[in-house]
Amino acid sequence: MAKKSDDKQAHPEPVPSASQLAIIPFLAAVDGYLRETHDASGLRLTMHRAVNREGQGYLQQVCGYVKEEGLDWRGKVGRTFPVSEGIMGAAFKSRKIWRTKKFSSIRKLRASLAQDISKTKDGRDPATVEVSFLAVPFVGPKNQPVLILYADCKELNFFADDKRVASVAAMSKGFCRLFDMLQEEPFLNLRNFPLRDGEPVKGRPTVYASVQEAVETIAPPKFKAVPSFNYEAAAA
């Protein structure tokens with residue numbers, strides 16, 4: 001995911017604690033699964049949600065990064081990005097899972113990364129950037145993006161494994177089933193307050209086009225009843 005410096009990233013907007021707590025245990029479970037079979041170097045996961053700010057639609061980071069060391073959250077929670085941002089922007093636009101393609105060597109991958117980074121002008125060092133990316137969109141009842149799981153690591157071809165990606169998608173579908181139920185039968189003091197749709201704010205696409213691809217064979221998770229994700233405490 002390209003790193004941009006704009007006012008909205010420099011000044012993150014609050015995310016309700018209940019929304020963060022709804023996401024973090026799920027990400028920890030996905031992290032645990034991924035590390036069970038292969039502990040990929042530098043693996044980290046987070047989640048973004050579609051939000052409306054003054055009629056404009058953005059992707060907002062819901063929580064910190066779940067990593068081996070714990071939760072890296074300072075300065076991360078609440079950052080907002082154009083809906084065209086990196087691999088998660090590609091997932092937002094297509095409503096498909098996106099990942100890094102399979103490469104025969106790290107040398108070939110880094111050469112392609114260098115070309116893509118030059119084209120997108122995101123300013124990152126191709127010699128140190130992560131080498132495996134994953135973006136899983138959670139779509140709503142009207143096929144609108146609600147959440148996007150984002151993950152990256154420094155392990156070559158880590159997300160090029162179909163079985164691994166399919167398992168993450170299956171866990172995500174279980175997450176959707178649970179929150180569909182809670183949408184219909186919520187806890188007494190917890191509500192998912194609706195977020196209105198906004199006109200998507202787009203920048204220049206920063207997906208690494210020669211390195212990343214849509215996954216055509218694995219369906220993304222889908223909510224049946226959850227149109228947006230904004231859990232907050234409510235009066236009983």
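Looking at Leu109, Leu147, which is the one that is buried (at least 19 other Cβ atoms within 10 Å of the Cβ) and under 19 Å from the mean Cα position of the chain (by Cα)? Give the steps one after another, and end with the answer.
Details: Leu109 fails: under 19 Å from the mean Cα position of the chain (by Cα).
After ruling out the rest, the residue left standing is Leu147.
Of the residues Gly42, Gly70, which is among the small types (Gly, Ala, Ser), open to solvent by 30 Å² or more (accessible area, probe 1.4 Å) and at pLDDT 95 or above?
Among Gly42, Gly70, only Gly42 is among the small types (Gly, Ala, Ser), open to solvent by 30 Å² or more (accessible area, probe 1.4 Å) and at pLDDT 95 or above.
Among the listed residues Arg191, Arg164, Arg177, which satisfies the condition of being outside any loop (DSSP other than H, G, I, E, B) and free of Cβ contacts under 8 Å to residues at least 40 places away in the same chain?
Details: Arg191 fails: free of Cβ contacts under 8 Å to residues at least 40 places away in the same chain; Arg164 fails: free of Cβ contacts under 8 Å to residues at least 40 places away in the same chain.
Going through Arg191, Arg164, Arg177 in turn, the sole match is Arg177.
Report yes if some residue within the stretch 121-142 is assigned to a loop (DSSP other than H, G, I, E, B), small (Gly, Ala, Ser) and open to solvent by 10 Å² or more (accessible area, probe 1.4 Å); otherwise report no.
Of the stretch 121-142, the ones assigned to a loop (DSSP other than H, G, I, E, B) are 121-131, 140-142.
Remaining after also requiring small (Gly, Ala, Ser): 123, 127, 140.
Next cut, open to solvent by 10 Å² or more (accessible area, probe 1.4 Å) only: 123, 127.
Among the residues of the stretch 121-142, at least one is assigned to a loop (DSSP other than H, G, I, E, B), small (Gly, Ala, Ser) and open to solvent by 10 Å² or more (accessible area, probe 1.4 Å), which makes the answer yes.
Exactly one of these conditions fails for Lys108: (1) closer than 20 Å to Ser167 by Cα; (2) among the basic types (Lys, Arg); (3) free of Cβ contacts under 8 Å to residues at least 60 places away in the same chain. Give me its number.
Of (1) closer than 20 Å to Ser167 by Cα; (2) among the basic types (Lys, Arg); (3) free of Cβ contacts under 8 Å to residues at least 60 places away in the same chain, only one is false for Lys108: (1).
Arg99 fails exactly one of the following numbered conditions: (1) assigned to a loop (DSSP other than H, G, I, E, B); (2) in contact (Cβ under 8 Å) with a residue 60 or more places away in the chain. What is the number of that condition?
So the condition that Arg99 fails would be (1).
Inside the stretch 59-76, can you point out the residues that are under 23 Å from Arg35 (Cβ atoms) and not basic (Lys, Arg)?
Gln61, Val62, Cys63, Gly64, Tyr65, Val66, Glu68, Glu69, Gly70, Leu71, Asp72, Trp73
Does Pro186 satisfy the criteria of being assigned to a loop (DSSP other than H, G, I, E, B) and either on the phi > 0 side of the Ramachandran plot or open to solvent by less than 60 Å² (accessible area, probe 1.4 Å) (or both)?
Details: assigned to a loop (DSSP other than H, G, I, E, B): yes; either on the phi > 0 side of the Ramachandran plot or open to solvent by less than 60 Å² (accessible area, probe 1.4 Å) (or both): yes.
Here the answer is yes, as Pro186 does meet what is asked.
The values are calculated or read from the model by the stated rules, or taken from the named source; none is laboratory data. Quantities reported herein were computed from a predicted structural model and do not represent experimental measurements. Neighbour counts run over all protein chains shown; Cβ positions are idealised from the backbone, glycine included. Accessible surface areas use protein heavy atoms only, side chains included; no ligands, DNA or RNA. Shrake-Rupley method; radii C 1.70, N 1.55, O 1.52, S 1.80 Å.
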